[in-house]
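**Student:** My questions will all concern the structure given below.
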Amino acid sequence: MAERQNQNWEGRTIDSRGPSFRIDVANPQMGSDGSNVYMMYSVTDNKDVNLCALTQGGTYQIHNDKTLDITAGMTNNEGAVDIKISSVKGDICITANRNGQVKIKGSSIVIQADEDLDLIAGRNININGKNRVLTKANDISIDGIVGNLIENTTGSFLQKAVMGFEEIAGDSDAVFDSKVGLDWLVSKGLTTGLAVGSPVGIAGNVIGALL
C-alpha cells in the first residue's frame, strides 16, 4: 500500500481511441526497467497484441505477438544502405528461441571483425563453396581425432598408435614402430588411406609422405 501511495497516479494520462488502440502516458506501475514514460497498445480482432514503449530506464521496447516486418529502400538509389543497425557502446544480440534458425541471405555477405571472429557450434560447422574455399593466415592450426585432414597433417589417433611416430625428448630420439600396416586399417574402415609411408617429425608427431 505504501508503494502505491508513493506513485503519482494523478499524472497518468490515457488516450483511448476505441477498444483496439490506446496511448498510456506516465503509468507509475514499475516494470523490470522502471515505469513507462509512455506506451502505445493495440490489439487485433484475434487478440494479437502490439506494444511500443519507452521506459524511465531509457529502453525503447517493441513487442508484437505475430511477425515483425521491416522493409526499407523502395525509392533509394542503387547501392544505397537501406537498413542501418548501429550500437555505439554495447553489444548487438540476435536470438532465435525454440530451435529457430537465424538466416542471413544476400548476393554477397561480408563479416568483418577488427579483432577476433569466433564460430562456436554445439554440433557441426559446415562450410560449402561451389568453386573453392580459401584459408589464409600467418598461423593455421588444426586439432582433431579423425578425418582426412587430420590423417594428412597431425595424424589420427590410430595412425599415431600403430603406424609409428618419432618422439623427441631432450637430446635423444626414440623411434617407435608397429607391424600394423595402413592397408589393414583401410580394410577395417578405420582410416581413409590417404596418408601412407613413414612418418616425419614435424612438431613431434606428424604423418607425412602422401600418395
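**Student:** Does segment 144-162 contain at least one residue that is loosely packed, with under 10 Cβ neighbours inside 10 Å and in a loop (DSSP other than H, G, I, E, B)?
**Tutor:** yes
**Student:** With respect to R123, determine if the residue is in contact with a Phe, Trp or Tyr (Cβ under 7 Å, 6 or more places away or on another chain) and either assigned to a loop (DSSP other than H, G, I, E, B) or modelled with pLDDT of 95 or more (or both). Spell out how you get there, then give the answer.
**Tutor:** On the way: in contact with a Phe, Trp or Tyr (Cβ under 7 Å, 6 or more places away or on another chain): no; either assigned to a loop (DSSP other than H, G, I, E, B) or modelled with pLDDT of 95 or more (or both): yes.
Criteria not met by R123.
**Student:** Scan segment 62-81 for residues that are in a loop (DSSP other than H, G, I, E, B), surrounded by 10 or more Cβ atoms within 10 Å (Cβ to Cβ) and of a type outside the set (D, E, K, R) and jot them down.
**Tutor:** From segment 62-81, those in a loop (DSSP other than H, G, I, E, B) are 65-81; that's our starting set.
When the remaining residues are screened for being surrounded by 10 or more Cβ atoms within 10 Å (Cβ to Cβ), the result is 65-66, 72-73, 76.
A72, G73, N76, listed by residue number.
**Student:** Hey, another quick one. Among the hydroxyl-bearing types (S, T, Y), surrounded by fewer than 14 Cβ atoms within 10 Å (Cβ to Cβ) and at negative phi: does that describe S42? Walk me through it before giving the result.
**Tutor:** Details: among the hydroxyl-bearing types (S, T, Y): yes; surrounded by fewer than 14 Cβ atoms within 10 Å (Cβ to Cβ): no; at negative phi: yes.
Answer is no for this residue.
**Student:** Collect the residues in segment 25-45 that are of a type outside the set (A, V, I, L, M) and farther than 13 Å from N64 by Cβ, keeping them in residue-number order. Show your work before the answer.
**Tutor:** Just the residues of segment 25-45 that are of a type outside the set (A, V, I, L, M), to begin with: 27-29, 31-36, 38, 41-42, 44-45.
Hits for segment 25-45 are N27, P28, Q29, G31, S32, D33, G34, S35, N36, Y38, D45.
**Student:** If the Cβ limit is 9 Å and pairs must be 6+ apart or interchain, which residue in segment 13-24 that is modelled with pLDDT of 95 or more pairs with which residue that is in a loop (DSSP other than H, G, I, E, B) and exposed (fewer than 13 other Cβ atoms within 10 Å of the Cβ)?
**Tutor:** S20/T44; S20/D45; I23/R17
The values are calculated or read from the model by the stated rules, or taken from the named source; none is laboratory data. These figures come from a predicted structure and were not determined experimentally. Here the Cβ is made from the backbone with ideal geometry for all residues, glycine too, and neighbour counts use every protein chain on show.
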